[in-house]
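> Could you have a look at this structure, given as structure tokens, before my questions?
The values are calculated or read from the model by the stated rules, or taken from the named source; none is laboratory data. Everything quoted here is computed from the prediction, not taken from an experiment. Note: ideal-geometry Cβ built from the backbone for every residue, glycine included; neighbour counts use all protein chains shown.
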Amino acid sequence: MAEPEVYKFFSEYVYKHTGILYKEQDYYRLDARFNTLIKEFDLKDVSELYHLYIQKITPEMHTTLIDLCTNNETYFMRDLKPFKAFAKEGMSYLKEKFPNDLSYNFWSAACSTGQEPLSLLMALDSFGDNFNLDKVRLEASDISSEALKKAQSGVYTGLEVQRGLPANLLIKYFTQEEESWKIDPSLLKRISFKSLNLLTDNFPLTQYHIIFIRNVLIYQDMDNKRKILAKVCDALKPGGLMFMGAGESLIGVDIPMTQKELGKAFCYVKEG
Ligand SMILES: C[S@@+](CC[C@H](N)C(=O)[O-])C[C@H]1O[C@@H](n2cnc3c(N)ncnc32)[C@H](O)[C@@H]1O
């Protein structure tokens with residue numbers, strides 16, 4: 001247990017820089033993070049940690065804290081239906097809606113350790129109608145530098161590839177190296193990874209045909225959710241699609257997007 005001012009300081013810092021909310025009842029979840037930081041910076045206890053952080057936060061201290069305070073839970077083909085719908089009905093929709101576009105811009109806006117953008121490519125390649133992957137520009141971003149590092153390595157544990165990934169796709173796209181599984185490099189190199197803070201960074205305008213923003217806004221309060229979704233909407237081309245997580249919705253958010261049934265999944269389409 002730390003002093004109340006310590007929890008307050010760290011939770012306010014994390015909220016200000018990421019929008020991730022640690023409410024008073026969640027303060028105990030910071031304890032394990034404090035312990036990791038104490039080890040990382042070779043300190044004696046929480047009090048030393050607090051004094052270090054209130055004096056001056058270096059970029060390294062900032063990154064380590066933010067990495068620890070994000071929840072990077074993800075898995076391949078999470079909820080499966082959105083990926084199938086994206087590859088089949090989503091691509092048919094894009095071809096009809098944007099008949100003159102020679103390539104498509106997709107964005108996985110909180111890609112964590114890379115399972116989401118890789119699932120998008122595997123879905124296009126395996127569930128789609130002979131779709132040519134050369135026509136895809138896929139960007140993937142996250143605020144967590146550790147998560148991005150892993151995403152860029154394309155290496156997963158046996159447990160990670162067993163979660164959600166159909167066996168035929170595991171065989172098709174991965175090679176086993178001792179205890180690890182490595183994604184086909186020709187797939188990985190199609191993804192352009194970057195660090196991006198959804199809350200504080202600007203997004204490109206009217207750029208994307210499809211944005212996946214799944215299981216990230218659940219950690220934000222309503223004001224921040226509205227702010228981020230307004231930017232996501234601006235980043236989509238009119239007629240572009242947005243996929244949210246199962247159970248996430250635009251309730252309480254006033255942006256020009258309407259829900260659309262797509263195969264066996266739901267997404268949102270930007271009006272226009
Ligand atoms: C639970 S994971 C979801 C990953 C993936 N989209 C999925 O559905 O499986 C949430 C991710 O959002 C990232 N995140 C949290 N706040 C963020 C912010 N303000 N800007 C960018 N990414 C953020 C976290 O680092 C984490 O990797």
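> Among the residues of the range 254-272, how many are within 18 Å of Ile218 (Cα to Cα) and surrounded by fewer than 16 Cβ atoms within 10 Å (Cβ to Cβ)?
Count: 1.
> Restricting to the range 195-226, count the residues that are in a loop (DSSP other than H, G, I, E, B) and more than 14 Å from His17 (Cβ to Cβ).
Residues that pass the stated criteria total 11.
> On to the next question. Might you check whether a residue that is of a type outside the set (Asp, Glu) and touching a Lys or Arg at 6+ places or on another chain (Cβ under 6 Å) occurs anywhere in the range 218-228?
No: the range 218-228 contains no residue that is of a type outside the set (Asp, Glu) and touching a Lys or Arg at 6+ places or on another chain (Cβ under 6 Å).
> Which residue pairs have Cβ atoms closer than 6 Å, lie 6 or more positions apart in sequence or on different chains, and pair a first residue in the range 154-176 that is on the phi > 0 side of the Ramachandran plot with a second residue that is surrounded by 17 or more Cβ atoms within 10 Å (Cβ to Cβ) and assigned to a helix (DSSP H, G or I)?
Correct list of pairs: Gly154/Leu188.
> Among the residues of the range 115-143, write down those that are away from the ligand (no atom under 16 Å from the Cβ) and among the acidic types (Asp, Glu).
Those that are away from the ligand (no atom under 16 Å from the Cβ) and among the acidic types (Asp, Glu): Asp125, Asp129, Asp134.
> Inspect all residues belonging to the range 20-36 and state whether any of them is within 12 Å of the ligand (Cβ to nearest atom), farther than 26 Å from Glu160 by Cβ and either assigned by TED's automatic domain parsing to the domain that holds Leu148 or assigned to a loop (DSSP other than H, G, I, E, B) (or both).
The answer is yes; a qualifying residue exists.
> Among residues belonging to the range 79-112 that are among the polar types (S, T, N, Q) and either under 16 Å from Gly263 (Cα atoms) or surrounded by fewer than 24 Cβ atoms within 10 Å (Cβ to Cβ) (or both), point out the one that is nearest to the chain's Cα centre (by Cα).
Among those residues, the one meeting the criterion is Asn105.
> Still on this structure: Hey, can you tell me all the residues within the range 42-78 that are within 16 Å of the ligand (Cβ to nearest atom), exposed (fewer than 15 other Cβ atoms within 10 Å of the Cβ) and part of a helix (DSSP H, G or I)?
Once the filter is applied, which keeps residues that are within 16 Å of the ligand (Cβ to nearest atom), exposed (fewer than 15 other Cβ atoms within 10 Å of the Cβ) and part of a helix (DSSP H, G or I), the range 42-78 yields only His62.
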